[in-house]
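Student: Shown below is the structure under consideration.
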Amino acid sequence: MIYDIIYWPDPFLRIKANDVDLDNETLPLAEIIANMFETMKARGGMGLAATQCGLNMRLLVIDTVQIGGKTKQAFINPVIKETTEKTILTEEGCLSFPGVFADVKRYHGVVVESKTLTGETEEVILNGIDAVCFQHELDHLNGVVFFDYLKPAKRQMVEQKVRKNVKKMERRSKKR
Ligand code: ZN
C-alpha cells in the first residue's frame with residue numbers, strides 16, 4: 001500500500017513522534033515498514049519517516065543503494081549515540097517539500113542504535129550520504145524539517161516555492 005505523503009505546511013510535520021511499542025502484538029509493524037518502502041520507491045525518495053505518512057511512530061526507512069550509498073534498512077526507535085566532528089554539506093530534498101532543494105550541513109558520520117522487528121538492539125555505523133539521509137529522516141521524528149536550518153531569507157523563498165508546488169500538485173490530482 002502506498003501512503004499519502006504529508007506536505008508542508010501540515011502541522012503534523014511538527015509533532016514529536018512516540019516510540020514504537022514493540023510489545024504491542026496487534027501493531028502490523030512489518031506491514032507498515034513494507035508500505036513505507038513501497039511509498040518511498042513510488043515517490044522516488046531515498047528516505048522516508050513515518051511522520052511523513054501520517055503515522056505517529058519513531059520509525060524511518062532508508063534506501064541509498066540506488067544513489068551509491070550502502071544502506072537499505074528500516075530503523076525502529078533510532079537514537080544517535082555518537083557523531084563525527086567532521087561535517088558534510090549536501091543539497092537535500094524532501095518528499096514533503098516537493099520541488100525544492102537546499103544545502104544543509106550534517107555530521108559526516110553517526111553511530112546509531114536502533115531496534116529490530118524482534119525487539120533486539122542493534123548498532124549501525126553510517127557515513128556520508130547514508131548518515132545525511134538518516135539525520136534528515138530522524139529530524140522528521142522530532143518535528144524538525146530541513147529548511148529549519150536555512151537562513152530566514154532563503155527559508156522564505158523555499159516556503160513560497162513549496163506552497164506553490166503543493167497547490168499545483170493538488171490541482172493536478174483533482175483533475176484526475
Ligand atoms: Zn524529509
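Each value in this text was obtained by applying a stated rule to the coordinates, not by laboratory testing. Fair warning: this is a prediction, and the values are worked out from it, not measured in the lab. Virtual Cβ from ideal backbone geometry, glycine too; neighbours counted across all protein chains shown.
Student: Quick check on my link table: of K86/K168; K70/K164; K16/K154, which ones sit more than 31 Å apart, alpha carbon to alpha carbon? Display every interim value, and only then the final one.
Tutor: Values: K86/K168 39 Å; K70/K164 34 Å; K16/K154 25 Å.
Flagged as over cut-off: K86/K168; K70/K164.
Student: Further question on the same structure: Which longest uninterrupted range of the chain lacks any GluC sites (Glu not before Pro) assigned by DSSP to a loop state (not H, G, I, E or B) and surrounded by at most 11 other Cβ atoms within 10 Å? All intermediate terms of the calculation are to be shown ahead of the outcome.
Tutor: Working: sites that count: E25, E85, E120.
In short, 26-84.
Student: Can you tell me the dipole magnitude for the chain around its Cα centre, using point charges on the Cβ only (Lys, Arg +1; Asp, Glu -1), in Debye to the nearest 20? Intermediate values should be presented prior to the final figure.
Tutor: Numbers: 25 positive and 24 negative charges, 307 e Å.
For the chain, the charge dipole is close to 1480 debye.
Student: Express in whole angstrom the spacing between the alpha-carbon centres of region 78-101 and region 123-176.
Tutor: 10
Student: Still on this structure, please answer the following. Of T26, G45, G69, which is farthest along the charge dipole of region 11-175 in the positive direction, counting Lys and Arg as +1 and Asp and Glu as -1 at C-beta?
Tutor: G45
Student: Let me ask something else about it. Which residue, V144, M169, V124, has the largest displacement toward the positive end of the dipole of region 118-176 when charges sit on each Cβ (Lys, Arg +1; Asp, Glu -1)?
Tutor: Sorting the options by dipole projection puts first M169.
Student: Calculated from DSSP H runs of 4 or more alone, at -39500 (n - 2.57) each and per residue, what is the 222 nm mean residue ellipticity of the chain, nearest 500? Let's see the in-between values first.
Tutor: On the way: 3 runs with 52 residues, N = 176.
-10000 deg cm²/dmol, from helical runs alone.
Student: Taking the alpha-carbon distance from K161 and a cut-off under 18 Å, which aspartates and glutamates remain once sequence neighbours fewer than 8 residues away in the same chain are dropped?
Tutor: D10, E91, E92, D103, D148, E170
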